[in-house]
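Input: a single structure, listed below in structure tokens.
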Amino acid sequence: MKLFLPLCILALLLTGCGQQQQQIAPGVAEAFAGPARLPIRQDIDTKSAVIATVNHGDRLEVLQRRRRFVKVRTATRVEGWTEDRNLLSLEELEGLKGLSEQSKAAPSQGVATTYETLNVHTEPDRQSPSFLQVKEGEKVDVIGHRVTPRVATRAAAPPPPPPVTKARPKKSKKEKKAGDIPPPPMPIAPKPPADWLELSKLGAPPAPAEAAPESKPVPMDDWSLIRNAAGQSGWVLTRRLFMAIPDEVAQYAEGHRIVSYFNLGDTHDGKTVKPAWLWTTIDRGDQYDFDGIRVFVWSTKHHRYETSYIERNLKGFLPVITGSVPAQRNRSKDSTPTAEKSPGFSIVVEKKDGYRYRRHFAFVENRVRLSGEERIETPGQTAPEPSPTLLASEKVTPPAQDSFYGSLKQRIRRLLGR
């Protein structure tokens, strides 16, 4: 009896140690929670009870995988199930942090808002985790744009089962004997017609070519890269955003979507102060960001907005930069370039030769003039990151205006040159 009691105690201790080791078995991999709040369920069923909730970026241990479901362990030793699309790898989490750091210095392409709660994704993909939400009426900066194929939400149908081949019944002995009798001889082939040579020259009519099956267009999604007031960046569906440009200007969009907009300066009309607006718009197309630019200025004579500059049928790419640009040069051939600067903006466009160019426009006294351009890349390459906008303290010298006599002289020269 004295020996039996210690043996029982030892057996219980060993059993408890074995269960504890089984519970804290190491995971096969690590992952991080993607959504802002990720529920961990007891079973695979999505209607199963929630046993724990983790926040975005929390580390999880991966224990097991069943198709698209993953069994994980939280930091509090709670084990449960979630979908694999809700998890991020360490590389994806670091890439998301790097995106936010890079986006902090990116120039804003306009302020946008939403009329309902909007999910912010880690990638421009509907299946990517949503780690942040934009509340109704909250304002965010639009800093990028991308068009990607829409991911199919339904899995492909499984292939049909192979056809079942029935076994042939065995022939009886009587059938075998009947099959041993040779068949009757073939009849004699008929003779060809007398004009078979002429008929052979005509040839058979060509077979009609089979029409190639039409490929179905791939559905695409338009995404915008946004940045909130806290500096967090992510991707949202563009159609859920509304650019916060005033309605008295937005009414002239003519059904086109406003991609970006900028304030170029203020005009004083008595006690009223009205800004001059630059915007980029797009009608259709997914190979570039915008196809037209337009500048609106306030008319002190008619007391309304009027178009100062418009250009269509462009292949433009973000970002658009506002600030100081090279001053407008005189049209004279003898004029030399100067280091003077003028207020204005610059855009990136792709021309017919396949190259991308950065075009600079000067904006002085509510007038827009092209002040220069330079090629920034070769075909097939991406545009380099633009330089940051120059500080407002930089001295801006207005361009020199031609006199009436000088302008008349230039016109006469051009006419004579024709």
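List the number of the failed condition for Ile51; all other conditions in (1) part of a helix (DSSP H, G or I); (2) in the same structural domain as Gly34 (by TED's automatic domain parsing); (3) not charged (D, E, K, R) hold.
(1)
Quick one: in the range 220-243, of everything that is buried (at least 21 other Cβ atoms within 10 Å of the Cβ) and among the β-branched types (Val, Ile, Thr), which residue is nearest to Pro149 (Cα to Cα)?
Once the filter is applied, the top-ranked residue is Val236.
Can you tell me which condition Pro35 does not meet? The list is (1) touching a residue at least 40 places away in the same chain (Cβ under 8 Å); (2) over 19 Å from Leu132 (Cβ atoms), and all the others hold.
(2)
For the range 259-278, enumerate the residues that are of a type in the set (Phe, Trp, Tyr) and free of Cβ contacts under 8 Å to residues at least 60 places away in the same chain.
If we filter the range 259-278 for residues that are of a type in the set (Phe, Trp, Tyr), which is where we start, we get 261-262, 277.
Across the range 259-278, the qualifying residue is only Trp277.
Restricting attention to the range 105-118, report how many residues are exposed (fewer than 12 other Cβ atoms within 10 Å of the Cβ), of a type outside the set (A, V, I, L, M) and touching a residue at least 24 places away in the same chain (Cβ under 8 Å). Step through it out loud before you land on a result.
As a first pass, look at the range 105-118 and keep what is exposed (fewer than 12 other Cβ atoms within 10 Å of the Cβ): 105, 115-117.
Still in the list and also of a type outside the set (A, V, I, L, M): 115-117.
Right, trim to touching a residue at least 24 places away in the same chain (Cβ under 8 Å) and you get 115-116.
Number satisfying all stated conditions: 2.
Based on this model, can you work out whether Thr336 counts as modelled with pLDDT of 90 or more, exposed (fewer than 13 other Cβ atoms within 10 Å of the Cβ) and either in the same structural domain as Thr280 (by TED's automatic domain parsing) or in a strand (DSSP E or B) (or both)?
Values: modelled with pLDDT of 90 or more: no; exposed (fewer than 13 other Cβ atoms within 10 Å of the Cβ): yes; either in the same structural domain as Thr280 (by TED's automatic domain parsing) or in a strand (DSSP E or B) (or both): yes.
It is false that Thr336 is modelled with pLDDT of 90 or more, exposed (fewer than 13 other Cβ atoms within 10 Å of the Cβ) and either in the same structural domain as Thr280 (by TED's automatic domain parsing) or in a strand (DSSP E or B) (or both).
Rundown of residues vs (1) among the acidic types (Asp, Glu); (2) out of contact with any strand residue (DSSP E or B) (no Cβ under 6 Å at 6 or more places or on another chain), yes/no style:
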position	(1), (2)
Leu90	no, yes
Lys104	no, yes
Ser108	no, no
Leu118	no, no
Glu138	yes, yes
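Within the range 309-320, is even one residue more than 15 Å from Arg359 (Cβ to Cβ) and modelled with pLDDT of 90 or more? Quick ask: steps written out before the conclusion?
Restricting attention to the range 309-320, the residues satisfying the condition of being more than 15 Å from Arg359 (Cβ to Cβ) are none.
Within the range 309-320, none of the residues are more than 15 Å from Arg359 (Cβ to Cβ) and modelled with pLDDT of 90 or more.
Restricting attention to the range 138-152, and to residues there that are at pLDDT below 90 and assigned to a loop (DSSP other than H, G, I, E, B), which single residue is nearest to the chain's Cα centre (by Cα)?
Restricting to residues being at pLDDT below 90 and assigned to a loop (DSSP other than H, G, I, E, B), the top hit is Arg150.
The values are calculated or read from the model by the stated rules, or taken from the named source; none is laboratory data. Bear in mind that the values here come from a model prediction, so they are computed numbers and not experimental data. Glycine gets a Cβ as well: all are built from the backbone with ideal geometry, and neighbour counts include every protein chain shown.
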